[in-house]
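Here's the structure, in structure tokens; my notes come after.
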Amino acid sequence: MRNKKYIYVTLFLTLNFCFLILIMKIQNKHQIYLRNLMFSEIVTDSEIINQNNLNKAINNKFKNQNKELLLKYLDKEALGQLSIQNNQFQSNNPDNLDNLIATAILNYLGKNPSGMICGLPSLGNVVFDVKKGIGCCSDYSKAWIFYAVYLGLDVREVNSLNHTTVEYYDKQLKKWIWIDPYNRSQITNNNQLINQYEARQMTLFEKAQIKKLSEGGNYLDLENYSGYSTSQLSILMWRKGVNFIEVEEWDDKLRNIKLHKPLRQLILLITGVAPGWLMLTNDALGSYLRILKSSIYLLITTYLLFNIYLILNIIIYFKNSKNTLKVQH
């Protein structure tokens, strides 16, 4: 009986461990983390008639950040200088205000990022770490968002298969504009700034132009950078919220009990603290991803039922063991 108990407990722990590793680590051939897919709303080109249709889908249940909560996480000197510039822009060039603010923020992010550390451990320190040049594209995008939200821009995070960037709503142009905080660049078509959706919709006869916003520095060769290639735009994921401080407050509690970062991210997604994604893809790939997502949830259901079965058997075993001891006494 004792051996049976150890077998049940070992099997229970092993299955739980393997399942968590599966969800946290495994990617499919399109480089999508399964945990991202699980919490994404998948839409296809045939469902998204136009850009307005896409924006409504992204904004559905979008989680905004209370900008006043950001103040203690921002670099005060940088924020002071940006506020002065903001006032100057409003007086001197109000017709280009949002774009001027968006690009000005880039000057207060660290130069020559190494990208050696990706996914900084604390969102609360992201602005100060990025200022030192620490972090990768996702960290630079989040630091940019901290400043942008506080300065009054409407912003959102957008991901291609292996690159994280941002978009801001330009109230003067009345459209969303794409900007890459990590590489200090934007994309234009016929000298007009565009967003990621427009870049994805471009035909073979059009050529996007990469506009560098900063000279010098060890920036990547953008023309050959995979984050800008057409294949990378086959799937785009807009995060449905920028409530980073709320995420940080809960993540801090989980860090205190020494949980690994992917597991913390999974917990925050499951509990709804961290916002999920709106995923745009083509029809054929959309069908495949939906089947994969359904299979994941079927696996989870089966896994949970089997866990319940194991737990019930362990409980029954202990009850029987107690009854046996009572009879013996």
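If only residues of region 140-155 that are buried (at least 21 other Cβ atoms within 10 Å of the Cβ) and not aliphatic (A, V, I, L, M) are counted, the one that is farthest from the chain's Cα centre (by Cα) is TYR147. Listed by first and then second residue, the pairs linking a residue in region 104-123 that is under 16 Å from SER83 (Cα atoms) to a residue that is modelled with pLDDT of 90 or more and of a type in the set (Phe, Trp, Tyr), with Cβ atoms under 6 Å apart and 6 or more places separating them unless they lie on different chains, are ILE105/TRP144; ILE105/TYR147; LEU109/TYR140.
Suppose we filter region 222-244 for residues that are of a type in the set (D, E, K, R), surrounded by 13 or more Cβ atoms within 10 Å (Cβ to Cβ) and not in a loop (DSSP other than H, G, I, E, B); how many remain? Before you say what the answer is, go through the steps one by one.
If we filter region 222-244 for residues that are of a type in the set (D, E, K, R), which is where we start, we get 223, 239-240.
If we keep only those that are surrounded by 13 or more Cβ atoms within 10 Å (Cβ to Cβ) too, we end up with 239-240.
If we keep only those that are not in a loop (DSSP other than H, G, I, E, B) too, we end up with 239.
Counting residues in region 222-244 that are of a type in the set (D, E, K, R), surrounded by 13 or more Cβ atoms within 10 Å (Cβ to Cβ) and not in a loop (DSSP other than H, G, I, E, B) gives 1.
In region 132-143, the residues that are in contact (Cβ under 8 Å) with a residue 12 or more places away in the chain reach residues that are basic (Lys, Arg) with C-beta atoms within less than 9 angstrom, at least six apart or across chains, in these pairs: GLY133/LYS111; GLY135/LYS142; ALA143/LYS131.
Here's the yes/no breakdown for (1) more than 21 Å from SER141 (Cα to Cα); (2) among the acidic types (Asp, Glu); (3) surrounded by 11 or more Cβ atoms within 10 Å (Cβ to Cβ):
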position	(1), (2), (3)
ASN66	no, no, no
ASN93	yes, no, yes
THR103	no, no, yes
LEU106	no, no, yes
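Here ILE105 fulfils each of the conditions (1) in a helix (DSSP H, G or I); (2) in the same structural domain as GLY152 (by TED's automatic domain parsing); (3) modelled with pLDDT under 95 apart from (3).
On the basis of being out of contact with any Asp or Glu (no Cβ under 7 Å at 6 or more places or on another chain), outside any helix (DSSP H, G or I) and either at positive phi or in the same structural domain as TYR288 (by TED's automatic domain parsing) (or both), does LYS111 make the cut?
Numbers: out of contact with any Asp or Glu (no Cβ under 7 Å at 6 or more places or on another chain): yes; outside any helix (DSSP H, G or I): yes; either at positive phi or in the same structural domain as TYR288 (by TED's automatic domain parsing) (or both): no.
Criteria not met by LYS111.
Given the criterion modelled with pLDDT under 95, in the same structural domain as ASN55 (by TED's automatic domain parsing) and within 19 Å of the chain's Cα centre (by Cα), identify the matching residue among LEU213, LEU161. Result: LEU161 is the single residue among LEU213, LEU161 that is modelled with pLDDT under 95, in the same structural domain as ASN55 (by TED's automatic domain parsing) and within 19 Å of the chain's Cα centre (by Cα).
I need a count of the residues in region 104-151 that are among the hydroxyl-bearing types (Ser, Thr, Tyr) and within 12 Å of PRO181 (Cβ to Cβ).
Final tally of qualifying residues: 5.
LEU100: touching a residue at least 24 places away in the same chain (Cβ under 8 Å) and assigned by TED's automatic domain parsing to the domain that holds LEU213, yes or no? For LEU100, the condition - touching a residue at least 24 places away in the same chain (Cβ under 8 Å) and assigned by TED's automatic domain parsing to the domain that holds LEU213 - is not met.
Whether a residue is in a loop (DSSP other than H, G, I, E, B) and basic (Lys, Arg) was assessed, and LYS253 does not pass this test.
If you go through region 173-191 one residue at a time, do you hit one that is among the aliphatic types (A, V, I, L, M), part of a strand (DSSP E or B) and free of Cβ contacts under 8 Å to residues at least 60 places away in the same chain? Taking every residue of region 173-191 in turn, at least one turns out to be among the aliphatic types (A, V, I, L, M), part of a strand (DSSP E or B) and free of Cβ contacts under 8 Å to residues at least 60 places away in the same chain. For region 165-173, the criterion of being over 16 Å from ILE105 (Cβ atoms) and either outside the structural domain of ILE134 (by TED's automatic domain parsing) or surrounded by 22 or more Cβ atoms within 10 Å (Cβ to Cβ) (or both) is met by none of the residues. Pairs linking a residue in region 304-321 that is in the same structural domain as PHE12 (by TED's automatic domain parsing) and under 17 Å from TYR6 (Cβ atoms) to a residue that is in a helix (DSSP H, G or I) and of a type in the set (Val, Ile, Thr), with Cβ atoms under 8 Å and 6 or more positions apart or on different chains, are ILE314/VAL9. Within region 245-282, the set of residues being of a type in the set (Lys, Arg) and surrounded by fewer than 20 Cβ atoms within 10 Å (Cβ to Cβ) comprises LYS253, ARG255, LYS258, LYS261.
Conditions tested, residue by residue: (1) out of contact with any strand residue (DSSP E or B) (no Cβ under 6 Å at 6 or more places or on another chain); (2) basic (Lys, Arg).
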residue: ILE210; (1), (2): no, no
residue: ARG239; (1), (2): no, yes
residue: ASN243; (1), (2): no, no
residue: GLU249; (1), (2): yes, no
residue: LEU268; (1), (2): yes, no
residue: MET279; (1), (2): no, no
residue: ASN313; (1), (2): yes, no
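The values are calculated or read from the model by the stated rules, or taken from the named source; none is laboratory data. Bear in mind the structure is a predicted one, so any value in this text is a computation, not a measurement. FYI the Cβ positions are ideal-geometry reconstructions off the backbone, even for glycines, and counts take in every protein chain you see.
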